[in-house]
Protein chains: 2
Amino acid sequence: MTIQGDVPGSLPQSYASLGALFAEMSEFLPADRISREAGTCWAYGMDNSRLHHPADIVAFPLDHDEVQRVVRCARRHSVPITTRGRGTGTAGGSVPLQGGVVVVMDRMNQVLEFRPEDRLIRVQTGIINADVQRIVSAAGFFWPPDPTSNALCTVGGNLGCNAAGPHAVKYGTTRENVLGLKAVAGTGATVIAGTETTKGVVGYDLTRLLIGAEGTLGIITEATLKLTPLPDARCLIRAFYPNMHAASQAVSRLMNQPATPAAIEFIDGNALNLMRSHSTNPDALAIPESAGALLMIEVDGMSESLANQTDLIQAAARGDTDEQAALISLEIARTPQEMALLWSARKALSPTLRLVAPKKINEDVVVPVSRVPLLITALDEIALRHSVKIVNFGHAGNGNIHVNLLIDPDDPAQSAAADDALAEVFSTVLALKGTLSGEHGIGAVKREYIRDEIAPETLLLMHGIKHVFDPDGIMNPGKKIPDAIAPPAKPGKSK
Amino acid sequence: MTIQGDVPGSLPQSYASLGALFAEMSEFLPADRISREAGTCWAYGMDNSRLHHPADIVAFPLDHDEVQRVVRCARRHSVPITTRGRGTGTAGGSVPLQGGVVVVMDRMNQVLEFRPEDRLIRVQTGIINADVQRIVSAAGFFWPPDPTSNALCTVGGNLGCNAAGPHAVKYGTTRENVLGLKAVAGTGATVIAGTETTKGVVGYDLTRLLIGAEGTLGIITEATLKLTPLPDARCLIRAFYPNMHAASQAVSRLMNQPATPAAIEFIDGNALNLMRSHSTNPDALAIPESAGALLMIEVDGMSESLANQTDLIQAAARGDTDEQAALISLEIARTPQEMALLWSARKALSPTLRLVAPKKINEDVVVPVSRVPLLITALDEIALRHSVKIVNFGHAGNGNIHVNLLIDPDDPAQSAAADDALAEVFSTVLALKGTLSGEHGIGAVKREYIRDEIAPETLLLMHGIKHVFDPDGIMNPGKKIPDAIAPPAKPGKSK
């Protein structure tokens, strides 16, 4: 791990007073909730990226006050803090790249208050997303953010990355579904932000400032989540198109009428080919020969109106004329069993990708919906130019594309080709007025690319905000926003 | 106007170099777009509050670059800047309380880009809200924020106050309906925040930080607005209840089922009495004798499903049993003419209030929806205790209550009673876990009360952010967040 020596946010790589810090923290954390043991420190040094660096101390606080004491102690000793939920992030956001204290939030999993009559639940942020869904669904509600990892990921992780998953197209992202929060800033101060109400304009909006900050400004300890009544009916449309261009036109039509689908997922032709060639039972997938793109369109609503909504959405998926639509086939699943069967084709994709390229690079770019076909065309060209296999799927209704580079990073030639291809992917996304990450976050892995998206003057203001919340640079150093001074370009790199 | 002398953000009251500043600004602003003329400076010294202070210089920029040059010039001369749209705000946010430059945004009214296929429009922020609606409706869309003043107010004003109006209950507030923006910070730097996409987590969320900041961090010059497809059908339910308690229970039921109304407006018993006693044609209002509260419930959606939605909403408005509901009467208007007739009763209210108390105090508090009855009961008690007539109406689905104190502020006794009553209103709202302003903003008039809502440690972070964006305190001084040091309490005040 290279450390920039002369910029804000950098810290010494060894911390003289770790022993003293551990002793101080042990005064309020019992032995079963603090550890310096090598195995534990190693285990909490990883997440779902390929990065790893062991922690020096691992702490398991139970409440806001304990988190605050941890931050104050660490700040006194200038030791960095990395906060983690369940480590499902793919950008290295919860890997303690400079060692120090890892604050593990998953024992902070209490529901503090559930008020269905006010459409809100207040939770500690270490609670698992699926547990929130289970609790609120009993009263007829759901919390719209539900990333694919929702059985495992914490609400705190969802907030840190503004990760929302497939239903954001209808229900908004995490920042649209949080009313307020409590946090500890890098200064050790308690932040109380937002409201218990859906309107409010007192003070500056620190709620959304902390959401998506990936733990670089502070640690969100509690959150008041805005709940939505559960739809009581659901169905799933599976539509095959000859190519991504035709599928993207369908997405534009779907977004251009009042019945917004609950999700619009897409799979490109390369991914369909992989599914066909690697399935043990390709007939069961029922992918038409000529299919070059697949849309999975979820419709939800009240049972009384679902049929009407589905008609509108189906019409948009088909298009008005044969020429416009170029649809190959369309099926509608109406029962849970039928829906599970249709999803099976989509779910077969991830295991297949892992099989083909266990260490694939998975990016999470976003472009305006109408420009998805341009991006897909460009991605095909980039793949060809650099001899890198690229497979795309994602959340089409948001223009959020998971770009998978199927390479072996341990092969230096493949790794170099992937680096070059990736740089072109990112510059293409920015040329299309897109953004480099929809919800996986920046973490460590995308950090240096951020300079291409955020103008220097704007970045300077972000550094100013970072300095206000975390003057000593102890909160998740080396993540999210690049240092004020760009590192020297590597020889032979275009960037 | 009292100025705190020793705190950040305060400026000298006279500006030695106004002449030099005017000369510099005249280099890039032609004579018809800059003025020091007393009449003009007087005219741009007011808004829809009762505050007034003349400007020293009034500037009418046409684009971002001109705004940036104005800010840089003013900063060089340490002269404050107050930004205004059409001055419809009621909290004094656009009154230049310390003189200086008033930047009038209403000539910056251009549509920069309209892309229905990406559900977005990019505008200069001086454009009128209703003009945006007119342009986007031609393509089948609307922009959900529509404050009552939408025929007159600018998008920039909507962003400055996060003002959204009645439809926020279904479609969210302004911050949920903006994708990105361009601004000039108080440093003179250009801020480019957000994306053209509905997902994005690159950098810190400066978009929502600037929304609701009331021009104290910078001037928002351009905004990318997120559009929503227009519903193609609409109806209006008018339901009378014996008291606010019964009406509030109906609101809770309405918010506890999947068919969220497009608006839930309420009018309390005092307001109904006023309407009855002051109408020239009370029979036309058709307010039942026993009515103590009125709900106006707007339903929108696709024509195919509107009837089903309306059935669900009507059932919630009625309640399951007689005891629960205590509904007096319920009517449904289905044609534009019928709807206009029903709205007429509601629209009769504002002129009546003006007639009774031309200089009434209008507050804009919010409490969690289930606590609206507690607030209404408390307001009745406060009114009685201080002999102040209080009339309430507002956006019940958000718990956003317009509390009107019908007093004559020119009568010292009434004014003192109103001050005391207001302090109790605010402390009651905070005790109910509400917030002091839903969307009118803090401006100058509510600024000192903010200390009661925002904890000192959190306020300190907000001051830090203010300092990053506006180190010289030139952007709308004396507004939004209170100074770091509280002013001395007035003798005889409990606060």
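The values are calculated or read from the model by the stated rules, or taken from the named source; none is laboratory data. Just so you know, these numbers come straight off a predicted model, no measurement behind them. Cβ placement follows ideal geometry from the backbone for every residue including glycine, while neighbour counts extend to all protein chains displayed. The accessibility values were calculated without ligands, DNA or RNA, using every heavy atom of the protein model including side chains. Shrake-Rupley method; radii C 1.70, N 1.55, O 1.52, S 1.80 Å.
The table for this structure:
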| read-out | value |
| --- | --- |
| Selection count, the stretch A:349-369, where residues are small (G, A, S) and either within 10 Å of chain B (Cβ to nearest Cβ) or open to solvent by 10 Å² or more (accessible area, probe 1.4 Å) (or both) | 1 |
| Test: residue in the stretch A:167-189 that is of a type in the set (D, E) and modelled with pLDDT of 95 or more | yes |
| Odd one out for B:L159 among (1) closer than 17 Å to B:G87 by Cα; (2) not in a helix (DSSP H, G or I) | (2) |
| Number of positions in the stretch A:322-337 that are open to solvent by 10 Å² or more (accessible area, probe 1.4 Å) and at pLDDT 90 or above | 10 |
| Considering residues of the stretch A:345-363 that are among the aliphatic types (A, V, I, L, M) and part of a loop (DSSP other than H, G, I, E, B) only, the residue nearest to A:L436 (Cα to Cα) | A:A357 |
| So B:L327, is it closer than 28 Å to A:L227 by Cα and in a loop (DSSP other than H, G, I, E, B) | yes |
| Which listed residue is open to solvent by less than 10 Å² (accessible area, probe 1.4 Å), outside any helix (DSSP H, G or I), at pLDDT below 95 and among the β-branched types (V, I, T), from B:V445, B:V372, B:V391 | B:V391 |
| Test set (1) within 14 Å of chain A (Cβ to nearest Cβ); (2) within 19 Å of the chain's Cα centre (by Cα); (3) aromatic (F, W, Y) - B:W143 fails condition number | (1) |
| Whichever residue in the stretch B:198-224 is open to solvent by 10 Å² or more (accessible area, probe 1.4 Å), touching a residue at least 24 places away in the same chain (Cβ under 8 Å) and assigned to a loop (DSSP other than H, G, I, E, B) and, among such residues, is nearest to the other protein chains (Cβ to nearest Cβ) | B:T198 |
| Scope the stretch A:38-78; condition of a type in the set (D, E) and either in a loop (DSSP other than H, G, I, E, B) or within 24 Å of the chain's Cα centre (by Cα) (or both); matching residues | A:D47, A:D56, A:D63 |
| Residue satisfying condition, being under 24 Å from the mean Cα position of the chain (by Cα), over 30 Å from A:A259 (Cα atoms), open to solvent by less than 20 Å² (accessible area, probe 1.4 Å) and in contact (Cβ under 8 Å) with a residue 24 or more places away in the chain, within set A:A383, A:A418, A:A423 | A:A418 |
| Which listed residue, of B:M275, B:M296, B:M255, B:M244, is touching a residue at least 40 places away in the same chain (Cβ under 8 Å) and within 30 Å of B:G200 (Cβ to Cβ) | B:M255 |
| Filter pass, B:L342 being of a type in the set (A, V, I, L, M), in a helix (DSSP H, G or I), free of Cβ contacts under 8 Å to residues at least 60 places away in the same chain and surrounded by fewer than 24 Cβ atoms within 10 Å (Cβ to Cβ) | no |
| Residue satisfying condition, being closer than 30 Å to B:W42 by Cβ, in a strand (DSSP E or B), touching a helix residue (DSSP H, G or I) at 6+ places or on another chain (Cβ under 6 Å) and open to solvent by less than 20 Å² (accessible area, probe 1.4 Å), within set B:V184, B:V102 | B:V184 |
| Among residues of the stretch A:228-245, those that are within 19 Å of A:W143 (Cα to Cα) and touching a Pro at 6+ places or on another chain (Cβ under 8 Å), counted | 5 |
| Of residues in the stretch B:394-415 being without any contact (Cβ under 8 Å) to a residue 40 or more places away in the chain and assigned to a loop (DSSP other than H, G, I, E, B), the one farthest from A:V202 (Cα to Cα) | B:D411 |
| The listed residue being of a type outside the set (S, T, Y), in contact with a strand residue (DSSP E or B) (Cβ under 7 Å, 6 or more places away or on another chain), open to solvent by 20 Å² or more (accessible area, probe 1.4 Å) and over 26 Å from A:P54 (Cα atoms), out of A:V136, A:V123, A:V111 | A:V111 |
| Condition check for A:R69: modelled with pLDDT of 95 or more and open to solvent by 40 Å² or more (accessible area, probe 1.4 Å) | yes |
| Positions within the stretch B:172-192 being of a type outside the set (A, V, I, L, M) and either touching a Ser or Thr at 6+ places or on another chain (Cβ under 6 Å) or at the interface with chain A (Cβ under 10 Å from one of its Cβ atoms) (or both), in sequence order | B:G172, B:T173, B:T174, B:R175, B:E176, B:N177, B:G180, B:K182, B:T187, B:G188, B:T190 |
| Looking only at the stretch B:448-481, and only at residues there that are assigned to a loop (DSSP other than H, G, I, E, B) and open to solvent by 20 Å² or more (accessible area, probe 1.4 Å), the one that is nearest to the other protein chains (Cβ to nearest Cβ) | B:A455 |
| Residues being within 14 Å of chain B (Cβ to nearest Cβ) and of a type outside the set (G, A, S) - total across the stretch A:225-238 | 9 |
| In the stretch B:299-321, residue farthest from B:C235 (Cα to Cα) [restricted to those that are within 14 Å of chain A (Cβ to nearest Cβ), without any contact (Cβ under 8 Å) to a residue 12 or more places away in the chain and surrounded by fewer than 18 Cβ atoms within 10 Å (Cβ to Cβ)] | B:A315 |
| Counted residues, the stretch A:432-447 - those being of a type in the set (K, R), more than 7 Å from chain B (Cβ to nearest Cβ) and in contact (Cβ under 8 Å) with a residue 60 or more places away in the chain | 1 |
| The one condition in (1) farther than 30 Å from A:A333 by Cβ; (2) surrounded by fewer than 24 Cβ atoms within 10 Å (Cβ to Cβ); (3) in contact (Cβ under 8 Å) with a residue 40 or more places away in the chain; (4) not hydroxyl-bearing (S, T, Y) that A:A189 fails to fulfil | (3) |
| Answer residue from the stretch A:239-254, given it is in contact with a helix residue (DSSP H, G or I) (Cβ under 6 Å, 6 or more places away or on another chain) and either within 24 Å of B:K170 (Cα to Cα) or open to solvent by 10 Å² or more (accessible area, probe 1.4 Å) (or both) and is nearest to the other protein chains (Cβ to nearest Cβ) among those | A:S252 |
